[in-house]
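Any read-out appearing in this document is the output of simple, stated calculations on the displayed coordinates, not a laboratory observation. Keep in mind it's a predicted model, so treat the numbers as computed, not measured. Neighbour counts are summed over all protein chains in view; Cβ atoms, including those assigned to glycine, are modelled from backbone coordinates with ideal geometry.
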Amino acid sequence: MRAADAAQKISLKKPELLALFKAELLGLAEETAQAELRWHLALMVPRLHLSRAEHERASSILQRYLTDRSSIVKTSALQGLAELARGDASLQLEMIDLLEKTCCTGTPAMKARSRNLLKQFRKNA
């Protein structure tokens, strides 16, 4: 978890450092059940340069994270999905739908993050 925390923080400023570990990060994101690792991976994976197939795989993983027991994992998954949607107009509409629903049904943290993300999406629309 500490390594994931450090990698996530470093990748915020230098996402290119993740490139060599793309396959491992996607595989780990798919396999891990550890909440602390999931929430960091949910934020790191969207920073990778992904092919179309990898993008769909990452989106599927993060969609599954939305059903996690941990509110932090769910909130991080929302953020990760929003990052994945930013470069894809068709996903942006789906993301806005998800965020609107989550504003009403999510945990308090998810509701707050959804409101902030909705503002960003609407501002850029």
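HN-Hα J couplings of the stretch 41-49 from phi, Karplus 6.51/-1.76/1.60, θ = phi - 60°, integer Hz, Gly and Pro as x?
Per-residue couplings from phi come out as 5, 4, 8, 7, 4, x, 7, 7, 7 Hz.
If you keep only loop residues by DSSP, which trypsin sites (Lys or Arg not before Pro) in the stretch 1-99 have at most 16 other Cβ atoms within 10 Å of their Cβ?
Values: sites: Arg2, Lys9, Lys13, Lys22, Arg38, Arg47, Arg52, Arg57, Arg64, Arg69, Lys74, Arg86; in loops: Arg69, Arg86.
Taking the stretch 1-99 and a limit of 16 other Cβ atoms within 10 Å, the loop trypsin sites (Lys or Arg not before Pro) found are Arg69, Arg86.
Looking only at Cα atoms, what is the convex hull volume of the stretch 2-124 per residue, in Å³? Let's see the in-between values first.
Working: hull volume 12.4 nm³, N = 123.
So the per-residue Cα hull volume is 100 Å³.
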